[in-house]
1. Could you tell me whether any residue of the stretch 272-286 is buried (at least 20 other Cβ atoms within 10 Å of the Cβ), modelled with pLDDT of 85 or more and outside any helix (DSSP H, G or I)?
2. Applying the selection to the stretch 135-148, what residues are at pLDDT below 85 and buried (at least 21 other Cβ atoms within 10 Å of the Cβ)?
3. Listed residues F235, F243; which is farther than 18 Å from L31 by Cβ, modelled with pLDDT of 90 or more and touching a helix residue (DSSP H, G or I) at 6+ places or on another chain (Cβ under 6 Å)?
4. Tell me, which helices (runs of 4 or more DSSP H) wholly within the stretch 294-401 include 3 or more residues that are under 22 Å from the mean Cα position of the chain (by Cα) and under 22 Å from A154 (Cβ atoms)?
5. Quick check on P102: is it at pLDDT below 90 and in a loop (DSSP other than H, G, I, E, B)?
6. Please specify each residue of the stretch 362-389 satisfying the condition of being closer than 26 Å to V69 by Cα, surrounded by fewer than 22 Cβ atoms within 10 Å (Cβ to Cβ) and in contact with a helix residue (DSSP H, G or I) (Cβ under 6 Å, 6 or more places away or on another chain).
Amino acid sequence: MKAESVENTFQVNKLWTKDFFLNLLVAHFLLAGFFSLFIVVPAFIEFQGGSLRDAGIIIATFGLAGVIVRPMAGRWILNSGPKKVALVGIGLFIGSTILYIPLPNEWWIVPVRMVQGVGLAMAPVATSTIVGNLAPEERRGEGMSYMGNSISIAQLYAPPLGFFLMSSIGFSVAFIVAAASGVVALLIATLISDAKTRIPDSAILGQDERQEEGTAPLISKAAIFPTLVFLTYAFAMAPVSVFLFALALDNGLPENFNIGFYFTVMSGMTMLTTLISGRIADRWGRGSVIVPGLLLVGLAMLILWQVSSVGLFLGAAFLHGVGYGLIYPGINSLVVDRVPARERGSALATLQQAWDVGASGGNFILGPVVGVYGVASAFLIVGIGALTGAAGYVIGSRKKL
């Protein structure tokens, strides 16, 4: 009897299932394709005749589609299942990435970026929801850490690979390789069980009988506070994803230095940090990783503001990676903790809108600022923002927002 009880407990607490592993691979290959374009797309805009200000605005249109579509993704996930939503999102990413190749000028990039934004508003919400559905409650932070690691490994090599392909062969090959990575993600996603990755009907009906069956809120109220906190991190990614190349040139870093290594160092440290940060969050609470993570990211941005050497540049990447490695499992787990099972998709969609508003939409603000005050000013602004986010989390937690 005792042995049977232990076995049942093991099954309940089991994290590493086939679908969990396949889902990590899907997230990895999809975002490897996306990350490989971090440096390529801004350079492509410049190649087509655009300015730095144009680059900021064009890149920001990526988030416009996400702001509109991402709230709907939670409902689609509840009604159709996360697997189907992921497949559609990945398909849109593949198609839009190929469409970059024949574009005649920089402003034709806008509709392509928006379609790509729709795809990446849908698929990552779906893969995160699968983790939330499959991970046992007491191992949720750990499960989110592994998801973070699968993404970090992609960021470890994809940006420098994209930079290398663009510089050595050409833009077309860089776009084709990014799309091919999406194709791999799509093929793996077809192997995931649709039934096993959905929210159980018993959880949907049992936790909130006041709502009609098959519905979910467009915006999860419980996720608004974590989203505002995460927004201060996402905002920091706006200049990193667009102006890093210009910053390196303006601040006198060697011309032959591959700035893609910023993402390699950052992702390596994120990967190492998430090996323990999820467990820390499970044991000591979500704030124990979110607050120090934001402080480190803020410090990294302030270093980039005054960067003058490769050592400082990579040092900022080190701090950035550790910071994000702390934030990612903590903030995702916090959101899932605060909502009933039926609302997980909507809550994670609400959280990921921070990427649309901060990382993409932030460039609407930073583009004109950079045009007037220079590239470095953008990193000062987002550094202060991340420090403000850490303070906001502490104040908001005490007031139980």
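1. Within the stretch 272-286 (the criterion being buried (at least 20 other Cβ atoms within 10 Å of the Cβ), modelled with pLDDT of 85 or more and outside any helix (DSSP H, G or I)), the answer is yes, since at least one residue qualifies.
2. Correct list: A135, R140, G141, E142, G143, M144, S145, G148.
3. F235
4. 310-337, 344-354
5. Details: at pLDDT below 90: yes; in a loop (DSSP other than H, G, I, E, B): yes.
The answer is yes for P102.
6. If the condition is that a residue be closer than 26 Å to V69 by Cα, surrounded by fewer than 22 Cβ atoms within 10 Å (Cβ to Cβ) and in contact with a helix residue (DSSP H, G or I) (Cβ under 6 Å, 6 or more places away or on another chain), then F364 is the only one that fits.
The values are calculated or read from the model by the stated rules, or taken from the named source; none is laboratory data. Everything numeric here is computed off the predicted structure, so don't read it as measured data. Glycine gets a Cβ as well: all are built from the backbone with ideal geometry, and neighbour counts include every protein chain shown.
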